[in-house]
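Student: What follows is a structure written as structure tokens; I'll ask about it next.
Just so it is clear, none of the values below were taken in a lab; they were calculated from the coordinates. These numbers were taken from a predicted model, which means no experiment stands behind them.
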Amino acid sequence: MEFTIHFATINLLVVFGATVAALLLGAFWYSPAFLGKPWRKASGIPMTGNQMPNPAGTFVAGFFFQLLAASMLAALLGPTATGLEGLQLGMLLAFSFVMAALGVINLFERRPLVLIFIHSSYHIVSFGLMGFIIGQWS
């Protein structure tokens with residue numbers, strides 16, 4: 001099996017843009033306009049107020065982790081991938097690895113099954129979006 005990671009050819013501007021796009025998607029995904037209410041209910045987060053103790057630190061760390069995922073996706077895609085190939089690889093990685101990991105964690109923590117759906121579907125769509133952006137514009 002031949003496997004190559006293309007770190008030298010990563011377009012950092014595109015990776016940054018893909019990261020921001022995924023974070024904006026997350027802002028919508030977990031907003032009351034979409035899945036925010038069922039997510040808060042299933043997570044036990046109060047429906048009123050912001051109970052996050054350090055929102056700035058949380059968002060900075062979230063950005064870092066999303067940037068890490070986008071960077072690795074770019075490295076796996078390489079410099080010749082298309083938008084469609086990026087979309088497919090991103091969704092495949094999230095569906096297989098992320099959803100499996102979230103599923104195991106949520107099951108052992110005895111969390112509601114709806115959390116697996118909410119979190120996994122976000123990651124499948126966000127990884128697909130990042131992959132499309134990276135493949136299309138790298």
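Student: Quick one: which residues, 5+ away or cross-chain, put their amide H under 5 Å from the amide H of Gly78? H built at 1.01 Å from N.
Tutor: HN-HN under 5 Å from Gly78: His6.
Student: Let a ≥ b ≥ c be the square roots of the eigenvalues of the Cα gyration tensor of the stretch 32-108; is it rounded (a/c under 1.5), or, if not, prolate (a/b larger than b/c) or oblate?
Tutor: prolate
Student: Does anyone have the angle between helix 83-93 and the longest principal axis of the chain? Alpha-carbon axes, 0 to 90°, nearest 10?
Tutor: That works out to roughly 50 degrees.
Student: Taking only Cα atoms of the chain, what ratio of Rg to Rh do you get with Rh as the Kirkwood inverse-distance radius? All intermediate terms of the calculation are to be shown ahead of the outcome.
Tutor: On the way: Rg = 16.0 Å, Rh = 15.8 Å.
Here Rg/Rh amounts to 1.01.
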